[in-house]
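Scroll down for the structure; my scribbles are underneath it.
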Amino acid sequence: MKSRFVLSLLLVMAVLLTACQPAAAPATQAPATQASATQAPATQPTTEPAPATGGTLKIAILAPLSGGQPTFGISTRDGALLAIEEWNAKGGVLGMKIEAVVEDSQCEADPAVNAANKVVDQDKVHYIVGEVCSKASIPISEIATEKGILQISPTSTNVQVTKKVDGSTKPTVFRACFIDPFQGTVGAKFAVDNLKAKTAFVLFDQGNDYVRGLAEAFEESFTKLGGQVVGKETYTSQDTDFSAILAKVAEAKPDMIYLPDYYPIVNLVGAQAKEKGITVPMVGGDGWDSAELDVKAAENGYYTNHYSEQDTRPEVQDWVKNYGAKYSGAVPDALATLAYDATNLMLTAINSAGVDDPLAVAKALEGIKFDAVSGNITYDADHNPIKSAVIIQVKDGKKSWVATVSP
Amino acid sequence: MQRSSSLSPALTLGQRIIRRRLIGRALLLVIATLAALRLVQGLIESPTLFLQQIVNGIQLGFVYALIALGYTMVYGIVRLINFAHGDVFMVGAFVSFFAVSRYRLHLWLANLVPDLSPDIALLIGSITVILLSMAVCALLAVTIERIAYKPLRNAPRISALITAIGVSFFLEYFGALPFVFSPNFITNERPFPVVTWYINNGIHQLVPGETVPSGSVTFSNIAVIIVVSSLFLLLLLQFIVQRTKIGKAMRAVAYDKATARLMGINVDGIISITFAIGAALAGAAGVLYAIAFTQVFFAMGILPGLKAFVAAVLGGIGSIPGALVGALIMGQAEVLSAGYISTPMRDAIAFTILILVLLVRPTGIFGETEREKA
């Protein structure tokens, strides 16, 4: 039964892949041949420091502009380009004009490697903003580490993006978003400080790393902050009937339920909990963040997220205004915001390093304290940002910002 | 010489164990004892929680029963395990989604006759949705039968079985196409609001936002609707099979196809009707499932379909009361193992029960050793 479902999934993916292939192929072919043609002369490391005045400084933006998630890539590119435009309006960085090199990396490993090789070997870029997806960011980070290129991924949450297999940190790879389990920590802080919860019931899918990571981080922080986890139940992603678990929740009478799963499960659990007269708030993570979230089922729920355009901080409101002015009234999403933050982080670090040298810039990033749109950023030893998260409340059928919580 | 020795009355111990199915019996006994101990412990710890779990299991069991009947009826007549049945159930759920969430068909009477009491209008509207779904599923099943199964009626049974699996995949992935049902999870709107009651010194209605007092057992109007409509459809089916001319013909075809044809029964027509009735029940189950769990997606039929199939085998495939009993056992087994043993293990436990029961009674609880009838 399980294997049949897996097989079905594989079939779907096979169909999707073959469907994507024709469109994607021409786009990858060109950079690939160019990259391999230029590979030979550019074997020596390309990290010789450039003069600090005059000329141009190139920043590559690697984003999925075609393939399965083109809107991710378009938002990322637009956010990053706006940051570069603003810096150029102020006179560039280190006296140099900033030039963006945009490449389509398709949210896949192979095109991402081709795009990264192309920008590094052919365009002689020392700085990369990207990719969106972890499975593309990880191979790019290998190239960045090998060739001494500075990379900031705006949105890839996988631990392996900044960590080598042996557990050490990749010296020149950073990210602008927090990693997944961090949301559990923020969720617990919000539950204790704002919801005044003393007891919590944790529901999670044992077979999903993202969900389990959040649940474990929540439990650890919630207990540390003086709360008590009165019950823990696991389920599988194929479950639709949660009545048995919810009967136990009703019996345990917790102050809140922590359910850090994706929206399909939240929709099911939320609807069934309401049906059983369970009224305590549910708290989750950014897996809830979807237009498909059933707001009736998730009513009176809260979830942590990277950013909200309703955040009242001036940085956010300025950003929303500028983005709308540039892109005909569009509201920036989390991807555009994090790409904007990543680009700003990189340029600020270059500026404070005072030299066009990725290693020096990496040193500057490690010690940076930066007021980004998505929160104040400092880096931990693993190059993961320590920053605030926003809390979104689902109330009266609307999703609205209620708080920004720092760890 | 060797052959006769193995049949001699002096059987070896090993042979005796196999012949009396001792291993199966022993395993069943051990596991049943362990499970019973855990349940008694749970009952003593909190009788209301135990009762609540039983109530939850009944709701699930009746949905399985409706699907299981389709498996059992078709098997009884053409000896085919119709693996596409779960996907017919999925189509039924989607008919309900389109009718209610998209086209608001459940409000037709309320819109047509505004003076009518809204409850009655909604009731008739909801029944219309169920009937529509049943009709669409019946039509779908008859089409599938004519195209995919009828040409294989005299082929080896394995060919028909593989075709059934093929039809199942076809329905799933045809449904997953973006312009059909789409590959996403879709939230289904209920045609009527949920009302929850709790039993605590009498039955009280739960006001939205109110917390249930401890020590009460809750149930919703959805559970009531599922149980009532399932029971009604089951009795109707029993009436059709036992008391009508068509039912008599169905039983005759199940008993002996060739002789039934000689008696002037239109065998092909009866087989089509059997598929139609089974699928109509699955369609009704699809609507009830979509109302209960408010979510539809293209692969939603796989697991309930498999569990209903297990329920049909458990009860004795081919037996209508067996399908009901098997489904109720499955519902309880699932909810009680989720409640008292382990939630991720619930399916494993449910399928273990199947294996153990079959070790002891290979034909299922109500199965006949000679041959099954519809």
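The values are calculated or read from the model by the stated rules, or taken from the named source; none is laboratory data. None of these values were measured; they are calculated from a predicted model. Backbone-built Cβ (ideal geometry, glycine too); neighbour counts: all protein chains shown. The accessibility values were calculated without ligands, DNA or RNA, using every heavy atom of the protein model including side chains. Shrake-Rupley method; radii C 1.70, N 1.55, O 1.52, S 1.80 Å.
Values for this structure:
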{"read-out": "Backbone HN-Hα couplings from phi across the stretch B:240-245 [Karplus 6.51/-1.76/1.60, Hz, Gly and Pro as x]", "value": "4, 5, 8, 10, 10, 5"}
{"read-out": "Per residue accessible area in Å² of the protein assembly as shown, where ligands, DNA and RNA are left out and the probe is 1.4 Å", "value": "43"}
{"read-out": "Three-way shape call for the stretch B:171-293 based on the alpha-carbon gyration tensor, with the a/c threshold at 1.5", "value": "oblate"}
{"read-out": "Sites A:Asp110 and A:Asn88, calculated FRET efficiency, Cβ-Cβ separation with R0 35 Å, nearest 0.05", "value": "0.60"}
{"read-out": "Carbon and sulfur %, accessible surface of the stretch A:157-247 computed with the full protein complex present, 1.4 Å", "value": "49"}
{"read-out": "Residues with amide H under 5 Å from that of A:Asp357, placed H, sequence gap 5 or more", "value": "none"}
{"read-out": "Rounded to the nearest 20 debye, dipole of the stretch A:181-305 from Cβ charges on Lys, Arg, Asp, Glu", "value": "520"}
{"read-out": "Under-5 Å amide H pairs with A:Lys198, H placed in peptide plane, nonlocal only", "value": "A:Asp255"}
{"read-out": "Per-residue average of Cβ from other chains inside 10 Å of B:173-185", "value": "2"}
{"read-out": "Relative packing of B:33-46, B:87-100, A:224-237, which averages over residues the other C-beta atoms within 10 Å, highest first", "value": "B:87-100, A:224-237, B:33-46"}
{"read-out": "Separation between Cα centres of the stretch B:100-145 and the stretch B:244-264, rounded to whole Å", "value": "34"}
{"read-out": "Sequence-distant residues sharing a close amide H with B:Ser342 (under 5 Å, placed H)", "value": "none"}
{"read-out": "The stretch B:30-131, relative contact order [Cα under 8 Å, separation at least 6], %", "value": "15"}
{"read-out": "DSSP H segments from chain A that extend 30 Å or more along their own axis, Cα-based, with Kyte-Doolittle mean of -0.5 or above", "value": "A:2-39"}
{"read-out": "Burial ranking of peptide ranges A:192-204, A:340-352 (average Cβ count within 10 Å, highest at the top)", "value": "A:340-352, A:192-204"}
{"read-out": "Chain A, relative contact order in percent, only Cα pairs under 8 angstrom and at least six apart counted", "value": "16"}
{"read-out": "Averaged over B:207-213, number of beta-carbon atoms from partner chains that fall within 10 Å", "value": "3"}
{"read-out": "Dmax and Rg, reported as Rg then Dmax, of chain B (C-alpha, Å)", "value": "22.8, 88"}
{"read-out": "Alpha-carbon Debye profile of the stretch A:181-305, log10 I(q)/I(0) at 0.19, 0.22, 0.23 Å⁻¹", "value": "-0.97, -1.36, -1.51"}
{"read-out": "Contour excess over end-to-end distance, with Cα ends at B:Arg16 and B:Leu139 and 0.36 nm allotted per residue", "value": "39.2 nm"}
{"read-out": "Protein heavy-atom accessible area occluded, B/A pair - total, 1.4 Å probe, Å²", "value": "3300"}
{"read-out": "For the stretch B:119-162: rounded, prolate or oblate by the Cα gyration tensor [a/c cutoff 1.5]", "value": "prolate"}
{"read-out": "Neighbouring partner chain Cβ atoms per residue of A:274-284, average, 10 Å criterion", "value": "5"}
{"read-out": "Mean Cβ count within 10 Å, highest first, over the residues of peptides B:233-243, B:142-152, A:57-67", "value": "A:57-67, B:142-152, B:233-243"}
{"read-out": "Rounded Å value of the spacing that divides the Cα centres of the stretch A:346-367 and the stretch B:293-317", "value": "59"}
{"read-out": "Value of relative contact order over the stretch B:25-360, rounded to a whole percent, pairs C-alpha under 8 Å and six or more apart", "value": "37"}
{"read-out": "Nearest-20 debye value, the protein assembly as shown charge dipole, Cβ charges on Lys, Arg, Asp, Glu", "value": "3660"}
{"read-out": "FRET efficiency for A:Gln206 and B:Leu262, using Cβ-Cβ distance with R0 set to 51 Å, rounded to 0.05", "value": "0.30"}
{"read-out": "Label-point separation in nm, A:Thr312 to B:Val180, each point 7 Å along Cα→Cβ", "value": "5.1"}
{"read-out": "For the stretch B:174-181, 3J(HN,Hα) per residue [Karplus equation, 6.51 cos²θ - 1.76 cosθ + 1.60, θ = phi - 60°, Hz, x = Gly/Pro]", "value": "5, x, 6, 4, x, 8, 9, 10"}
{"read-out": "Kirkwood hydrodynamic radius of the protein assembly as shown, Cα pairs, Å", "value": "29.6"}
